[in-house]
Amino acid sequence: MQYVAYELAHMFIQPMRLAAKALKHSADMPFNPIGKTPMMRHVSAACEVFEGVTRRYGKPEWGIDETTIHGLKVPVREETVLSKPFCNLVHFDRPEEIVGKRYDPKVLIVAPMSGHYATLLRGTVKEMIKEHNVYVTDWVDARDVPVMAGRFDLDDFIDYIIDFVRFLGPNTHVMAVCQPSVPVLAATAVMAGSNDECQPSSITLMGGPIDTRRNPTVVNKLAEEKPVSWFERNVVSYVPFGNAGFMRKVYPGFMQLTGFMTMNLERHTSAHKKLFDNLIKGDCDSVQQHKEFYDEYLAVMDLPAEFYLQTVETVFQTHALPLGTLMHRGQPVDCKAITKTAIITVEGERDDICGLGQTEAAHDLCTNVPMDEHYHYVQPGVGHYGVFNGTRFRTEIAPRIREMIRTVQFKRRTQSAAFIPQPYRSLRGERETQFDWQTGRPVPGAAAE
């Protein structure tokens, strides 16, 4: 009934939205004699704010048309290379006929299936495609997947990751942002347990809930307070008529967005008040920044109910992965089986979604990974979003990930049994600087000769 009520509310408010748009258009007309008066500026600003907060936001476009490689602008082509009912594997290709043959490491970025679309990682992708061959999991809105396509749970999520890694082949590096850290680590353990030849060369876990018993946050505590049956009764709904996924059980995106907004309600209210003031003043740059952020933030998707409920139970309540009780298709998931995959974890000092230490717990589980292939970094001064996006990510986190990936890539190619700290030549045959992992600063005298 909640989903039906939500749809009816949108239908009811649609005429009001149209009236607000018409009024704003009239107020902004250049030949309106009172259009520039303070009163009409307030009317126009109020109409625009009202239209923005009541609009249904569709899936944003990636909008990545070019990148910069060694100071040169290079076109980027977005293509879907593999399609599954609940996910498309998207490749951001840099045409060889333009950039020439490159041997950049393959990186699979696993986007979170947590309410927002994969395009939330646009900044992450933009930074990574400069020096990596990037693929991204683009999850499909569950309300657009017909019931006949079957269910989708945590086991299926793990299977999808394994299928994508096998599709990309050996020497693939996997980067998991937030929630996928658990299934990515589990998928790596499953592949290691079967001695799969396509085991990832490295996995990068960023702000992920590997062990939520460490420094639990408000989100963690809320997930533990109620039994799974409560979540099923109160937050799971059926997709209403008129959608391709009619009668599919989902965790609606609008409910998750409500939770996000109420956690920081004062900040969001203040942001819209500032939007109103900036519209009156005509501060176009501030207005554009606000719109760009909320066009992405307010675009949400529905999650398959099976996946959501199983994640709540196994990750936040029973802590199955850190306790060694996680099962995949009836088989135990043993992280100790991982021996050929480097582990890197990244956390934000001010993360209020995944507390400090929750992602770092992956190192304690993967005890058979060589010591020189364990990397952990805490980024000062950033919250959850800043771990994978923004200035700090571009200038401090991404260079460390890049250095680790190339160190592992070099080690795998030379089939060395020990970590080689000496300077090495770039796979592109260029002089390259070695960076210290903790400080991010160039190591004096470490340029490849």
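Throughout, read-outs are computed from the coordinates displayed, never taken from laboratory work. Owing to the predicted nature of the structure, the values given are computational and were not obtained by experimental measurement. Every residue, glycine as well, gets a Cβ built from its backbone with ideal geometry; the counts of neighbours run over all protein chains shown.
Partners of LYS36 within straight-line reach, counting aspartates and glutamates whose Cα lies under 13 Å from its Cα and excluding those fewer than 8 residues away in the same chain: ASP28. In plain terms, the bigger the Kirkwood radius, the slower the diffusion; for the range 310-387, with that radius from Cα pairs, at 20 °C and 1.002 mPa s, Stokes-Einstein puts D at 155 µm²/s. Sorted fewest first by neighbouring Cβ atoms within 10 angstrom, VAL134, VAL369 come out as VAL369, VAL134. As a proxy for reagent exposure, ranking VAL110, VAL49 by other Cβ atoms within 10 Å from fewest up yields VAL49, VAL110. I'd like the antiparallel share, as a percent to the nearest 5, of DSSP beta bridges with both residues in the chain. Looking only at bridges with both residues in the chain, the antiparallel portion is about 50 percent.
Taking a ≥ b ≥ c as the square roots of the eigenvalues of the alpha-carbon gyration tensor, the range 20-171 is classed oblate because a/c is 1.5 or more while a/b is no larger than b/c. If you sort the three axes of the alpha carbon gyration tensor as a ≥ b ≥ c, you get a/c of 1.5 or more for the range 89-201 and a/b no higher than b/c, which makes it oblate.
For the range 56-143, the fraction of alpha-carbon pairs lying more than 15 Å apart is 59 percent, rounded to a whole number.
Each Lys and Arg contributes +1 and each Asp and Glu -1, all at the Cβ; summed about the Cα centre of the chain, the dipole is approximately 640 debye.
Note on ASN195 and HIS91: the extension gain reaches 34.8 nm, defined as 0.36 nm multiplied by sequence separation minus the Cα-Cα distance. Taking the square roots of five times each eigenvalue of the Cα gyration tensor of the chain, the equivalent ellipsoid has semi-axes of 39, 29, 20 Å, listed largest first. The base-10 log of I(q)/I(0) for the range 6-87, evaluated at q = 0.19, 0.24 Å⁻¹, reads -0.86, -1.11 [Debye formula, identical scatterers on Cα atoms, solvent excluded]. Rounded, prolate or oblate: which one fits the range 217-310, using the alpha carbon gyration tensor with axes a ≥ b ≥ c (rounded when a/c is under 1.5, else prolate when a/b beats b/c, else oblate)? Oblate shape, in that a/c is at least 1.5 and b/c is the bigger or equal ratio.
Write out the chymotrypsin sites (Phe, Trp or Tyr not before Pro) in the range 1-110 meeting two conditions: DSSP loop, and at most 15 other Cβ atoms within 10 Å of their Cβ. Passing sites in the range 1-110 are PHE31, TYR103. Each residue in THR345, THR217, THR325 was given a count of other beta-carbon atoms within 10 angstrom of its own, and listing them fewest first yields THR325, THR217, THR345.
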